[in-house]
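The values are calculated or read from the model by the stated rules, or taken from the named source; none is laboratory data. Computed from a prediction, not measured in an experiment: that's the story for all the values here. A quick note on method: Cβ atoms are made from the backbone with ideal geometry, for glycine too, and the neighbour counts reach across all protein chains shown. Only protein heavy atoms, including side chains, enter the accessible area calculation; ligands, DNA and RNA are left aside. Shrake-Rupley method; radii C 1.70, N 1.55, O 1.52, S 1.80 Å.
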Amino acid sequence: MTRVLLAGASGFVGGSVLRALLDRGHEVDAVARRGGQARERVRWHATDLLEPGAAEALVTELEPELMLDLAWYAEHGRFWDSTENLRWVDATLRLAHAFTEARGRRALIAGSCAEYAWGPALLRENDSALEPSTLYGAAKHATHVVAAALAAQGHSELVWGRLFFLYGPGEHPDRLVAAVARSLIAGERVATSEGAQVRDFMHVDDAARALVELLESPVTGAVNVASGLGVSVREVVTMIGELTAGLDHVDFGAIATRAGEPERLVADVARLREEVGFTPAIALRDGLDATVRWWREQPALP
């Protein structure tokens, strides 16, 4: 049984990754600012990685062989341009450096599709240009460059999992899928753009399984963690409308598409499929149905 250091264990993605690690038989040292709920094979560490020396002390204590780092600033609506990203560049690199200094064998750090130059072609790890359009994307890309150099210098393995557009139970209530589902469940009208933007959506539980299998694999370097399927925002909203019996409450075209928003962001998933051997298990409509049902069970937000 392998013990894994999981940073960012209490977040939207982290919670699913924690479950996936346990399902695969791992023991977990779970790191979150406020700790978490006690459970078998999980040791929680209430640690603020932004605090000077916190990452180094944690790794010195645990001496992990495997690490999966999801910790980053993710406040909805603000993370794209916030200078908080700079603090997380520092925190992530301190954690990566401490891991290599402790002779950790293999680390997976979460990256983002925001690192790419956004365009209509499939986004490929080794071919597509890395020209971020946001501070968040630039911060992630810079972190990858330095973390890769640290890993090479320390003779450890680094895999960089570039996440695309995740959805599912527990996500921020103002994100697209959650916001539309909540409003339609409540019988409210939903104003959207025309929804022509095409995105690569993946259920968070599929993404979690992909990350864990990627950590367990021998693959290194950047790997897209995505479905590889392009679906328009309009199709997603339409599905949610059908699942909530609220499609007649959706006003497509009532708001303008945001300036500069790319028309298409879809991943090439050949590395994930062929080298890791992973394929998603949750079809989009099934995942949206489960998410809608989850929101129906939640108390109304103020």
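Pick from the stretch 5-44 the residues that are part of a loop (DSSP other than H, G, I, E, B) and of a type in the set (A, V, I, L, M, F, W, C): which of them is farthest from Trp72 (Cα to Cα)?
Ala38
Check off (1) within 29 Å of Asp127 (Cβ to Cβ); (2) charged (D, E, K, R); (3) surrounded by 12 or more Cβ atoms within 10 Å (Cβ to Cβ); (4) modelled with pLDDT of 95 or more for Glu263 and give me the number that stays unchecked.
(4)
Give just the number: which of (1) open to solvent by less than 90 Å² (accessible area, probe 1.4 Å); (2) modelled with pLDDT under 95 does Leu22 not satisfy?
Result: Leu22 passes all but (2).
Considering only the stretch 110-124, state which residues are over 26 Å from Ala9 (Cβ atoms), buried (at least 19 other Cβ atoms within 10 Å of the Cβ) and modelled with pLDDT of 95 or more.
Matches in the stretch 110-124: Tyr116, Leu123.
Only one of these conditions is not met by Ala71: (1) free of Cβ contacts under 8 Å to residues at least 12 places away in the same chain; (2) closer than 23 Å to Asp205 by Cβ. Which number is it?
In the conditions (1) free of Cβ contacts under 8 Å to residues at least 12 places away in the same chain; (2) closer than 23 Å to Asp205 by Cβ, Ala71 misses (1) alone.
Let's see how each residue does on (1) touching a residue at least 40 places away in the same chain (Cβ under 8 Å); (2) assigned to a helix (DSSP H, G or I); (3) surrounded by 20 or more Cβ atoms within 10 Å (Cβ to Cβ); (4) in contact with a Phe, Trp or Tyr (Cβ under 7 Å, 6 or more places away or on another chain):
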| site | (1), (2), (3), (4) |
| --- | --- |
| Ala147 | yes, yes, yes, no |
| Gln153 | yes, yes, no, no |
| Val159 | yes, no, yes, no |
| Arg162 | yes, no, yes, no |
| Pro169 | yes, no, yes, yes |
| Glu194 | yes, no, no, yes |
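Inspect all residues belonging to the stretch 217-232 and state whether any of them is in contact (Cβ under 8 Å) with a residue 40 or more places away in the chain, of a type in the set (S, T, N, Q), under 18 Å from Ala20 (Cβ atoms) and part of a loop (DSSP other than H, G, I, E, B).
Checked against the condition, which is being in contact (Cβ under 8 Å) with a residue 40 or more places away in the chain, of a type in the set (S, T, N, Q), under 18 Å from Ala20 (Cβ atoms) and part of a loop (DSSP other than H, G, I, E, B), the stretch 217-232 yields at least one hit.
Out of the residues in the stretch 45-89 that are in a strand (DSSP E or B) and open to solvent by less than 60 Å² (accessible area, probe 1.4 Å), which is farthest from Ser217 (Cα to Cα)?
This residue is His45.
Of the residues that sit in the stretch 94-108 and are crowded, with 18+ Cβ neighbours inside 10 Å and in contact with a Leu (Cβ under 7 Å, 6 or more places away or on another chain), which one is farthest from Glu171 (Cα to Cα)?
Checked the stretch 94-108; the qualifying residue farthest from Glu171 (Cα to Cα) is Thr100.
Given the criteria within 24 Å of Thr2 (Cβ to Cβ), modelled with pLDDT of 95 or more, touching a helix residue (DSSP H, G or I) at 6+ places or on another chain (Cβ under 8 Å) and not β-branched (Val, Ile, Thr), does Ala91 qualify?
no
Among the candidates Ala121, Ala110, Ala96, single out the residue that is of a type in the set (A, V, I, L, M, F, W, C), outside any strand (DSSP E or B) and under 22 Å from Ala148 (Cβ atoms).
Ala96
Out of the residues in the stretch 234-256 that are open to solvent by 20 Å² or more (accessible area, probe 1.4 Å), under 25 Å from Ala207 (Cα atoms) and of a type in the set (A, V, I, L, M), state the one that is farthest from the chain's Cα centre (by Cα).
Of everything passing the filter in the stretch 234-256, Leu243 is farthest from the chain's Cα centre (by Cα).
I'm trying to understand the selection: among the residues of the stretch 2-19, which are open to solvent by 40 Å² or more (accessible area, probe 1.4 Å) and either within 18 Å of Leu58 (Cβ to Cβ) or touching a Leu at 6+ places or on another chain (Cβ under 9 Å) (or both)?
Within the stretch 2-19, Thr2, Arg3, Ser10, Phe12 meet the criteria.
Among the residues of the stretch 281-294, count how many are open to solvent by less than 60 Å² (accessible area, probe 1.4 Å) and either in contact (Cβ under 8 Å) with a residue 40 or more places away in the chain or of a type in the set (S, T, N, Q) (or both).
Selection size over the stretch 281-294: 8.
When residues of the stretch 246-280 are filtered for being assigned to a loop (DSSP other than H, G, I, E, B) and either in contact (Cβ under 8 Å) with a residue 40 or more places away in the chain or basic (Lys, Arg) (or both), how many remain?
18
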